[in-house]
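Undergrad: Here it is, the structure in full.
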C-alpha cells in the first residue's frame, strides 16, 4: 500500500552522489538493466546541450527513500531560425508499491513547475496510457509521430494461400518494378550526385545544418557535434549514415539508419532546402541498398511538414501507426511554438 499523498516529496537529484540510486530505479522500473549504466554516462554526463535535470520522489517526505525518478534532457533547438532551449522528458518511473496517481503527478508537476519557466518548452513521447495524466498537467498535442513503412520484399506480404512459387514470382516482379525500373527511369536525376555510406558525421554536416537557418520550423539542432553524440557515440547501438552529395554543392541530404533484424529503420533525416529533390534521390538509393542487403522493409517515424510527408507517400511509404508528441510551453515564444510546424525524428528522443 502506498503512503499518504502528504508524505511524498520531489527533490532535485545530484548526478554525482545519486548516480547509483538513479540507475537502480531505472533498472527496476524501466527494463534493460544491462544498459542503464551506459545510458547514464551517455545521456546524463555527455549531453552536448548540458547536463540534464533529474528529480527523485521520496517517501516518507524529504528524508524517505527514493521511490520514483524523472529526467529532463536539455535540447538545443531553432524556432523559425532563432535559437531556443527545450526540455525532453526522459526516464520516468515509480516503484511498483507506489504506482498510484499521486507520486506520478507529483514528479511530473514538480518538473514542469521548476523548469518550464526557464526553458519555455518541455516535450515528450508518452505512451497512450499516460496521455490522460499528461493532459491534466496542461500538455497539448504537438502532432502525431507517424510510422511510415516501405515494403521491399513483396512476397512476404502476399496471401499465404497462394503457392510459394507464385508468391515469389509476383513479389519479385513487383520488387523489380518498384526498385530497378524506377531507378532506371530517374537515372538522369543523379547526374552530378553520388551516394556514400559513413559511420560518423564529418564537417559537411555542419554546412548542411547551417543551410536550415531560414526554415520556418521548430527543429532540434542537427550539427556534427550533436549527431556524433546522438548516434556515433551511443554505446549499445550501431548506426550508419547514408549521404547524398552534389559534386558542386557538397552534402545535400542524409539519413541515419539502424538495422534491427530484417528491417532498416531511419532514425533521422535532413535535406538541403535548396535541393528539394534530394529526399527522393536519397531514399531511392536507401531502398535499393536495403533491398540488396536482404532487408524486407524500411521504417521511419516522423512528425514534420506536410510537403515532406507527401514526398514520403509518393515514394511508396505507407503510414502504419502513430503516437502523439506532447508539449507544454510558456514565456514569449509560447504562441510561436504552438503555431510553427514541428520537425521531429527519433533523433529528438532519449532512447
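Undergrad: Being surrounded by 13 or more Cβ atoms within 10 Å (Cβ to Cβ) and farther than 21 Å from residue 105 by Cα is the filter here; which residues of segment 1-22 pass it?
TA: Across segment 1-22, the qualifying residues are 15, 18, 19.
Undergrad: Of the residues 116, 45, which single one is without any contact (Cβ under 8 Å) to a residue 40 or more places away in the chain and either out of contact with any helix residue (DSSP H, G or I) (no Cβ under 8 Å at 6 or more places or on another chain) or within 18 Å of residue 334 (Cβ to Cβ) (or both)? Even if it seems obvious, please write down each step before you answer.
TA: Numbers: 116 fails: without any contact (Cβ under 8 Å) to a residue 40 or more places away in the chain.
None of the others qualify; the one that does is 45.
Undergrad: So, one more: Working only within segment 52-62, note down all residues that are more than 25 Å from the chain's Cα centre (by Cα) and closer than 24 Å to residue 219 by Cα.
TA: none
Undergrad: Then there's this: One residue is enough: does segment 320-334 have a residue meeting the conditions at pLDDT below 95 and not in a strand (DSSP E or B)?
TA: no
Undergrad: Across segment 191-223, what is the total count of residues that are in a loop (DSSP other than H, G, I, E, B) and farther than 14 Å from residue 80 by Cα?
TA: Of segment 191-223, the ones in a loop (DSSP other than H, G, I, E, B) are 191-192, 199-203, 211-217, 221-223.
Now narrow it down to the ones that are farther than 14 Å from residue 80 by Cα: 191-192, 199-203, 222-223.
Residues flagged as in a loop (DSSP other than H, G, I, E, B) and farther than 14 Å from residue 80 by Cα within segment 191-223 amount to 9.
Undergrad: Return the residue satisfying two criteria in turn: it lies in segment 313-332 and is on the phi > 0 side of the Ramachandran plot and more than 21 Å from the chain's Cα centre (by Cα), and of such residues it is surrounded by the fewest Cβ atoms within 10 Å (Cβ to Cβ). If you could, list the steps in order and put the result at the bottom.
TA: Kept after step one, since they are on the phi > 0 side of the Ramachandran plot, are these residues of segment 313-332: 316, 321, 331.
Narrowing the set further to residues that are more than 21 Å from the chain's Cα centre (by Cα) leaves 316, 331.
Working: 316: 18, 331: 14.
Per the criteria, the residue is 331.
Undergrad: Related question: Applying the selection to segment 44-62, what residues are surrounded by 20 or more Cβ atoms within 10 Å (Cβ to Cβ) and assigned to a loop (DSSP other than H, G, I, E, B)?
TA: Listed by number, the list holds a single entry, 52.
Undergrad: Same structure again: Among what's in segment 337-351 and is part of a helix (DSSP H, G or I) and out of contact with any strand residue (DSSP E or B) (no Cβ under 6 Å at 6 or more places or on another chain), pick the residue that is surrounded by the fewest Cβ atoms within 10 Å (Cβ to Cβ).
TA: Looking only at segment 337-351, we keep the residues that are part of a helix (DSSP H, G or I), and these are 337-339, 346-348.
Okay, now just the ones that are also out of contact with any strand residue (DSSP E or B) (no Cβ under 6 Å at 6 or more places or on another chain), so 338-339.
Details: 338: 12, 339: 10.
Once the filter is applied, the top-ranked residue is 339.
Undergrad: Pull up segment 23-33, narrow it to residues that are without any contact (Cβ under 8 Å) to a residue 12 or more places away in the chain and out of contact with any helix residue (DSSP H, G or I) (no Cβ under 8 Å at 6 or more places or on another chain), then point me to the one that is surrounded by the most Cβ atoms within 10 Å (Cβ to Cβ).
TA: The first filter runs over segment 23-33 and keeps only residues without any contact (Cβ under 8 Å) to a residue 12 or more places away in the chain, leaving 24, 27, 31-33.
The next check asks that each one be out of contact with any helix residue (DSSP H, G or I) (no Cβ under 8 Å at 6 or more places or on another chain); those that pass are 24, 31-32.
Working: 24: 14, 31: 11, 32: 11.
Filtering segment 23-33 for residues that are without any contact (Cβ under 8 Å) to a residue 12 or more places away in the chain and out of contact with any helix residue (DSSP H, G or I) (no Cβ under 8 Å at 6 or more places or on another chain), the one surrounded by the most Cβ atoms within 10 Å (Cβ to Cβ) comes out as 24.
Undergrad: Kindly provide the set of residues from segment 294-332 that are in contact with a strand residue (DSSP E or B) (Cβ under 6 Å, 6 or more places away or on another chain) and over 23 Å from residue 260 (Cβ atoms), ordered by number.
TA: Those that are in contact with a strand residue (DSSP E or B) (Cβ under 6 Å, 6 or more places away or on another chain) and over 23 Å from residue 260 (Cβ atoms): 324, 326, 327, 328, 329.
Undergrad: Taking residue 312 as the residue in question, decide whether it is modelled with pLDDT of 95 or more, under 22 Å from residue 201 (Cα atoms) and assigned to a helix (DSSP H, G or I). Step through it out loud before you land on a result.
TA: Numbers: modelled with pLDDT of 95 or more: yes; under 22 Å from residue 201 (Cα atoms): no; assigned to a helix (DSSP H, G or I): yes.
No.
The values are calculated or read from the model by the stated rules, or taken from the named source; none is laboratory data. Since the model is a prediction, treat every value here as computed from it, not as a measurement. Glycine gets a Cβ as well: all are built from the backbone with ideal geometry, and neighbour counts include every protein chain shown.
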